[in-house]
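A.B. asks: Okay, here's the structure, questions in a sec.
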Amino acid sequence: MMRSGELEEGDGALTSAAEAYATAAHYFLADDEVGLTARALKRAGACQMLEQAYEGAHESFERAARVAFDDNLIKFHAPRLVLGAGLALLAEARRGAGKVLDDKKAREAREQVDQRLETYVLACAKRDPLFSTGRERRFLCDCIDTTKLWAWDDFMDHVWNFDDVAPLEAHELNVLQCISDGIREGPPPALAKARREAADLSRVVELEEDAFVEVSEMVPQTHAEMVASGLLQELQEEEGKDKEEADQDEEAEFQFVHGISKEEHAKRELEEKW
């Protein structure tokens, strides 16, 4: 099945290749070949990304990440697989973003995908400490933030910086290109108009005046008032307890250092003097 997938991938039949790789992963997993299972699922997800079947790619990469996380030898590859799954969701949310936001139902559907993506990143961070503190999560969060703000320049800066440290593969570059195109389309006219109205500096906005709140001044109690209220007696008792605890601590420290109590030590000094 792996050889069949490679041949079909070479011929450009990426959908059939992804199916072959997924079938091979089933066989590998049944034979407890965890490393080969994760590798086959990754190749299936890569083919699905190149075909822009992002929902299927997300499932393949997520399954590969789970398989890798359960094996001590390949668990360090899990964060990169989670990155692939997250980018697939992000591309699905941003596909045709300029047109989607004009339709209320489509906009609500995209918001659900956004919420699903943020929930997925949080769940993976709790599941895998390596992803939680790694560069993959930081890069994925940066991509999410910049796409929400339609900040194409910032998005490309993050992509360049990540690629400089951990070179991106062909399927990752392909999905990032799709996300980039969605950002460059810009927000739809309805959203752009709403933002211009929100940023209109010629509008006059009346602000509420600060309300004056009277604050009562606290006056310290006199000695007679403290005696009458019983507060002075409580303070004296607490002071006595603190002094007693300090004396006990000092005695315990002295006994720990010298091996005898202060009283016994003073008695011995007196005997040596006489």
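A.B. asks: Restricting to segment 45-79, name every residue that is in a helix (DSSP H, G or I), out of contact with any His (no Cβ under 7 Å at 6 or more places or on another chain) and aliphatic (A, V, I, L, M).
C.D. replies: Once the filter is applied, which keeps residues that are in a helix (DSSP H, G or I), out of contact with any His (no Cβ under 7 Å at 6 or more places or on another chain) and aliphatic (A, V, I, L, M), segment 45-79 yields ALA57, ALA64, ALA65, VAL67, ALA78.
A.B. asks: Residues that are under 30 Å from VAL159 (Cα atoms), in contact with a Leu (Cβ under 6 Å, 6 or more places away or on another chain) and modelled with pLDDT of 80 or more: find the helices (runs of 4 or more DSSP H) completely inside segment 180-274 holding 3 or more of those.
C.D. replies: The helices (runs of 4 or more DSSP H) meeting that bar number zero.
A.B. asks: Is it the case that LEU14 is modelled with pLDDT under 95, touching a Cys at 6+ places or on another chain (Cβ under 9 Å) and not β-branched (Val, Ile, Thr)?
C.D. replies: yes
A.B. asks: How about segment 143-171: which of its residues are surrounded by 19 or more Cβ atoms within 10 Å (Cβ to Cβ) and at pLDDT 90 or above?
C.D. replies: Result: CYS143, PHE155, HIS158, VAL159, PHE162, HIS171.
A.B. asks: Could you say which residue among LEU50, LEU36, LEU73 is at pLDDT below 95, in the same structural domain as GLY134 (by TED's automatic domain parsing) and closer than 30 Å to LYS148 by Cβ?
C.D. replies: Among LEU50, LEU36, LEU73, only LEU50 is at pLDDT below 95, in the same structural domain as GLY134 (by TED's automatic domain parsing) and closer than 30 Å to LYS148 by Cβ.
A.B. asks: Would you be able to say whether some residue in segment 120-131 is buried (at least 20 other Cβ atoms within 10 Å of the Cβ), among the hydroxyl-bearing types (Ser, Thr, Tyr) and under 18 Å from GLU92 (Cβ atoms)?
C.D. replies: The answer is no; no qualifying residue exists.
A.B. asks: Quick check on LEU29: is it assigned to a helix (DSSP H, G or I) and within 17 Å of VAL67 (Cβ to Cβ)?
C.D. replies: Yes; evaluated as a whole, the condition is true for this residue.
The values are calculated or read from the model by the stated rules, or taken from the named source; none is laboratory data. Because the structure is a prediction, the values reported are computed rather than measured. Glycine gets a Cβ as well: all are built from the backbone with ideal geometry, and neighbour counts include every protein chain shown.
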